[in-house]
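Student: This is the structure, below, for whatever I ask next.
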Amino acid sequence: TEVQELVKIAEVYASMPNLTFNLKYTYADSLTWQTYTDSMFATCKLSYGKSLLSNSEIEVLKGTDYNVFVDKEDSIVMVSRRQAEESLFHAPLLDSVFREANVLSMSISPYSDSLWRFNVVFKPDSYYSFYEMFYNPQTGLVSSVNYHGRNDAGAHDIPEDHVICANIIMTNYSTAELDPVLFNENRYFYRLNGVTYLQPAWQQFQLENY
């Protein structure tokens with residue numbers, strides 16, 4: 001079934017000992033969907049469910065016990081406890097309550113020799129109005145995700161009463177060995193007597209502990 005296929009894909013990303021790929025996020029107003037209002041490029045590294053997303057502006061680590069968000073431009077390090085169900089690929093579509101409230105139907109169809117298309121039709125009152133994902137059915141690796149949704153927060157320089165078009169492209173997959181230190185929360189901070197302190201390399205940053 002479609003849900004089983006989603007679970008399979010999520011398990012691929014959660015169980016990989018070494019996986020690196022590039023991410024490109026683009027955002028556009030549905031009325032002018034070919035003109036991007038915002039974009040972001042980043043590199044993602046995964047190892048057994050831990051992940052590190054980084055570029056010149058941010059670092060986002062989901063480690064063993066903690067999440068760490070680094071804003072390099074504003075010199076802020078945010079630390080919070082990681083929740084058990086968190087993962088890079090924890091999509092709302094995996095949640096049966098979300099599907100019951102929002103989804104009319106899901107379907108999978110061959111797109112090319114190496115790609116399948118996963119499509120979702122949403123209920124009229126759903127936050128989302130469009131979703132498609134292209135992935136390799138043999139490897140379970142995703143090549144792109146495209147979704148449309150309400151923009152209630154007015155994000156990405158798009159009016160809050162417009163529909164936002166988000167596109168995520170994954171490229172340059174590699175299974176080359178990764179240094180386990182990359183996924184160690186202690187690169188950023190340490191705890192002593194119940195108090196969190198930044199490591200010397202980050203002491204010029206402001207710590208926000210949640």
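The values are calculated or read from the model by the stated rules, or taken from the named source; none is laboratory data. Since this is a predicted model, take the numbers as computed values, not measurements. We place every Cβ from the backbone using ideal geometry, glycine too, and count neighbours over all the protein chains shown. Side chains included, ligands, DNA and RNA excluded: accessible areas come from the protein's heavy atoms. Shrake-Rupley method; radii C 1.70, N 1.55, O 1.52, S 1.80 Å.
Student: Of all residues being β-branched (V, I, T) and touching a Ser or Thr at 6+ places or on another chain (Cβ under 7 Å) in segment 165-210, which is nearest to A28 (Cα to Cα)? Just the residue, please. Outline the logic, then answer.
Tutor: Narrowing segment 165-210 to residues β-branched (V, I, T): 168-169, 171, 175, 181, 195-196.
With touching a Ser or Thr at 6+ places or on another chain (Cβ under 7 Å) added as a condition, the list becomes 168-169.
On the way: I168: 12, I169: 14 Å.
Per the criteria, the residue is I168.
Student: Here's something else I'd like to know. Of the residues in segment 154-171, how many are modelled with pLDDT under 85 and either of a type in the set (G, A, S) or within 26 Å of C44 (Cα to Cα) (or both)?
Tutor: Residues in segment 154-171 being modelled with pLDDT under 85 and either of a type in the set (G, A, S) or within 26 Å of C44 (Cα to Cα) (or both): 4 in total.
Student: Something else about it: Looking only at residues that are assigned to a loop (DSSP other than H, G, I, E, B) and not polar (S, T, N, Q) in segment 101-124, which one is nearest to the chain's Cα centre (by Cα)?
Tutor: Of the residues in segment 101-124, the ones assigned to a loop (DSSP other than H, G, I, E, B) are 111-115, 123-124.
Filter once more, so that each one left must be not polar (S, T, N, Q): 111, 113, 115, 123-124.
On the way: Y111: 24, D113: 26, L115: 20, K123: 24, P124: 25 Å.
Among them, the one singled out is L115.
Student: Further, regarding this structure: Inside segment 164-206, can you point out the residues that are in a loop (DSSP other than H, G, I, E, B) and among the small types (G, A, S)?
Tutor: Just the residues of segment 164-206 that are in a loop (DSSP other than H, G, I, E, B), to begin with: 175-179, 184, 188, 193-194, 199, 203-205.
Within segment 164-206, A176, G194 meet the criteria.
Student: Checking L52 against (1) under 21 Å from I168 (Cα atoms); (2) surrounded by fewer than 17 Cβ atoms within 10 Å (Cβ to Cβ); (3) not β-branched (V, I, T), which single condition isn't satisfied?
Tutor: Going through the list (1) under 21 Å from I168 (Cα atoms); (2) surrounded by fewer than 17 Cβ atoms within 10 Å (Cβ to Cβ); (3) not β-branched (V, I, T), L52 breaks only (2).
Student: Also, I was wondering about something else. Could you go through segment 154-163 and let me know if any residue there is within 30 Å of D125 (Cα to Cα) and part of a strand (DSSP E or B).
Tutor: Taking segment 154-163 and keeping what is within 30 Å of D125 (Cα to Cα), we get 154-163.
Imposing the further condition that a residue be part of a strand (DSSP E or B) reduces the set to 163.
Yes, segment 154-163 contains at least one residue that is within 30 Å of D125 (Cα to Cα) and part of a strand (DSSP E or B).
Student: Look through Y147, Y127 and report the one residue that is open to solvent by 70 Å² or more (accessible area, probe 1.4 Å), farther than 30 Å from V195 by Cβ, among the aromatic types (F, W, Y) and under 21 Å from the mean Cα position of the chain (by Cα). Working first, answer last.
Tutor: Details: Y147 fails: open to solvent by 70 Å² or more (accessible area, probe 1.4 Å).
Result: Y127 is the single residue among Y147, Y127 that is open to solvent by 70 Å² or more (accessible area, probe 1.4 Å), farther than 30 Å from V195 by Cβ, among the aromatic types (F, W, Y) and under 21 Å from the mean Cα position of the chain (by Cα).
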